[in-house]
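As structure tokens, the structure follows; a few thoughts come after it.
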Amino acid sequence: MSKRIGRGWWASRSRRRPRTSVSWSPADLAFDRSELLALAAGHRLLLTDEETTILLQRTAGWVTGLMLIVPFLHGRNDSARLVVDFDGDDPAVAGFLRSEIIDG
């Protein structure tokens with residue numbers, strides 16, 4: 001025999017539970033060096049220490065920014081230059097975003 005628990009049970013139970021919220025700062029959500037290197041390795045991209053530092057600084061470790069730039073760099077002969085010059089306004093990055101994200 002199953003006993004059905006009605007709404008009243010949940011309402012009374014939830015009032016006894018302390019209400020907590022979770023908040024994270026941007027730094028808590030940012031990728032660190034090892035996470036960026038793992039992301040790059042997943043795209044068969046080897047980053048130098050300098051390139052890793054530059055990307056982390058320019059994106060503030062922002063995951064979305066890194067997930068957009070890493071595939072863009074894969075297979076490029078000029079990836080080292082692109083990393084050094086990367087500032088988000090690069091026409092090549094805009095073209096990549098247009099072709100991969102906007103145009104589908």
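Quick look at the values:
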item	result
Sole exception among (1) open to solvent by 80 Å² or more (accessible area, probe 1.4 Å); (2) at pLDDT below 85; (3) outside any helix (DSSP H, G or I) for GLU100, by number	(3)
Where PHE72 falls short, out of the listed (1) assigned to a helix (DSSP H, G or I); (2) of a type outside the set (Gly, Ala, Ser); (3) farther than 24 Å from GLY95 by Cβ	(3)
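The values are calculated or read from the model by the stated rules, or taken from the named source; none is laboratory data. Fair warning: this is a prediction, and the values are worked out from it, not measured in the lab. Backbone-built Cβ (ideal geometry, glycine too); neighbour counts: all protein chains shown. Accessible surface is based on the protein model in full, side chains and every heavy atom, while ligands, DNA and RNA are left aside. Shrake-Rupley method; radii C 1.70, N 1.55, O 1.52, S 1.80 Å.
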